[in-house]
Each structure stands twice: as structure tokens, then as C-alpha cells.
1. Listed residues TYR206, TYR241; which is under 30 Å from PRO16 (Cβ atoms), among the aromatic types (Phe, Trp, Tyr) and either modelled with pLDDT of 95 or more or not in a helix (DSSP H, G or I) (or both)?
2. Quick test of your reading of the structure: GLU220 fulfils all but one of (1) within 20 Å of SER91 (Cα to Cα); (2) modelled with pLDDT of 95 or more. Name the failing condition by number.
3. Checking the conditions here, which among PRO133, PRO204, PRO167, PRO172 is without any contact (Cβ under 8 Å) to a residue 40 or more places away in the chain, touching a Lys or Arg at 6+ places or on another chain (Cβ under 9 Å) and not hydrophobic (A, V, I, L, M, F, W, C)?
4. I need the full set of residues from the stretch 234-253 which are free of Cβ contacts under 8 Å to residues at least 40 places away in the same chain, surrounded by fewer than 17 Cβ atoms within 10 Å (Cβ to Cβ) and within 21 Å of GLY84 (Cβ to Cβ), in order please.
5. In this structure, is LEU238 over 23 Å from SER91 (Cα atoms), touching a Ser or Thr at 6+ places or on another chain (Cβ under 6 Å) and hydrophobic (A, V, I, L, M, F, W, C)?
6. Taking the stretch 7-40 as the search range and keeping residues that are in a strand (DSSP E or B) and under 25 Å from HIS129 (Cβ atoms), which one is farthest from the chain's Cα centre (by Cα)?
7. Tell me which of these SER42 doesn't satisfy, since it passes every other one: (1) in contact with an Asp or Glu (Cβ under 7 Å, 6 or more places away or on another chain); (2) within 19 Å of GLU114 (Cβ to Cβ).
8. For LEU250, indicate whether it is in contact with a strand residue (DSSP E or B) (Cβ under 6 Å, 6 or more places away or on another chain), closer than 14 Å to GLY29 by Cβ and either polar (S, T, N, Q) or not in a helix (DSSP H, G or I) (or both).
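The values are calculated or read from the model by the stated rules, or taken from the named source; none is laboratory data. Worth saying up front: this structure is predicted, and the values here are computed from it rather than measured. Methodologically, a virtual Cβ is constructed for each residue, glycine included, from the backbone with ideal geometry; neighbour enumeration extends over all protein chains shown.
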Amino acid sequence: MDHGIVTFLTDYGIAPVRLGQAVEERGFGSLFLTEHTHIPASRLTPYPVGAAEPQPLPRYYSHTFDPFTALAAIAASTRRIGLGTAVSLVSQHHPITLAKQAASVDVLSGGRFELGAGPGWNAEEMANHGVDPARPLARMLEHVAAVRTIWTEDEPEFHGEFVDFDPIWSWPKPARPLPVLIGGVGVKVLDRVLSHGDGWLPLPLYPIDFLRTRIAELRERAGRHVPVTLYGADPEKLTDYAEAGVDRVLFELADHEDPADALRQLDLLADFVS
């Protein structure tokens, strides 16, 4: 089982290049970054979503670097670790631009990038991007389909409900078939993984036995080994995750203003996998 790091990389914390190098130096297999273009000041959407008693939204949500820009810098200063988004809010991107960004990071990294995709949860943030908060999943899936078309065809065109363009030229293409990991834990998430994804990126919200059942169902329906990456894994449960069929865990690096604190947390996490 591979062990990686996921974090909200901010403008007040550890710098992208230093973090990437530290993750690689400690033997982790990958580094994934979150994404929020902005956070509306209205704060109408509760945090966490569905909470009976909403909590203040953590500061880091509104201070994150653009993940593609940060990952490009990390790609240039590392050699081995996999890089990815967990997750990119693909509904909030124009697919032509997103295809270019993701392919560019993949080529610059020598084929180390994976696109983790999710619909997002903040309704006002979606609305500011022109996304109907009532239909983010439908738009996300169509954007993924459009991006794949651009990646794989020399003169791609796409005509859908949300995305419409005649034949275009767009390079670079990814260095290899670029994996798309579908995030989520909802009732129908496996349908989305099977229809539009190359892997599943769940949160650790299921009991271990149910996670095992879901992974087995996914692979039985697919007729192949679908990779599963668990976001926010508990380092005390690595054996349970492996037995459930998880291929990679991402430890969440907590928010730190002092880079030295971030490095100390990485050292502690590295002890679990050494």
C-alpha cells in the first residue's frame, strides 16, 4: 500500500517547493493538494455540510494556492513522488483550460500527475462560477468527459449540455493516459467511478467493514482492479485499510503557520510507514 500526503497548501504556511522536497525526502509516495478558488464572504453554506451546529470555516480554505501552479513548481523540484489534486473542483473550471493545466503539469512532471475530481460543497462558491448548485455532479461528469476528449484526440470537439465546442487544437497532451480519480462517498459514487473514472478517492467516513464491501462491489462491477486512494487516513488503521483493499492512503497534513511544525508532523507520519 502506498502512503502519501494531502494538504491545504496556503500562502502563510510551508512553501510548495519545500513541502514537495520534504515529502519526497521522507519516503512518501505522493503529494496531493486541495482546491478552492475563493470562499464567499456570505458564509451561507454551513460547515461541515449538513452539520446540526455549523462551525466557523477554517482560515486555510480561503488561503489555498492554485493547485496546478503549486504542483508545477513541485514537479520541477522533485523527481519521484506522484502529484495530484484531491480534489479539483472541475465543475468550476472551463474544460478547455482545465485540460491544458492538467496536461501541462503531467508533462512537466514526467507523467506523475493524477486528477482527483469532485463537485465541491460550497453552494455560493459554485454559483460565483456559474455552476447550478442543484446540479454540480452532472456538470462535473460532463467536464471530465470533455477534458478526456481534449487529452486523447488531435482535433477534439464536444457537444453537451454544459460544454460545447467545435474541433480545436490543444497541446500538450498528457505524458501517458492521465488517471482521473473520482472523489466522494455518496450512494451512487461507484456509478460515477465506473462511468468516468480510473480510480476512487473516498473519505474515511465508512466503517472499515463497509469500506471493504464497497471496494469489493466496485471491482466486481468493473471486472478489474480499480485503484482506491483513501483521503485523510488514520495512521493507526493502516493494516485495516490494506485488508479492506485500499491501494493508497493520504495522510492529511494539518494547517501550520510555522514550516518547522509542518516538517515535524511529516516526521511523525513517516514513522508509521518506515
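1. After ruling out the rest, the residue left standing is TYR241.
2. (1) is the only condition that GLU220 fails.
3. Result: PRO204 is the single residue among PRO133, PRO204, PRO167, PRO172 that is without any contact (Cβ under 8 Å) to a residue 40 or more places away in the chain, touching a Lys or Arg at 6+ places or on another chain (Cβ under 9 Å) and not hydrophobic (A, V, I, L, M, F, W, C).
4. Across the stretch 234-253, the qualifying residues are ASP234, PRO235.
5. no
6. Checking each candidate, the answer is THR10.
7. (2)
8. Yes: the conditions hold for LEU250.
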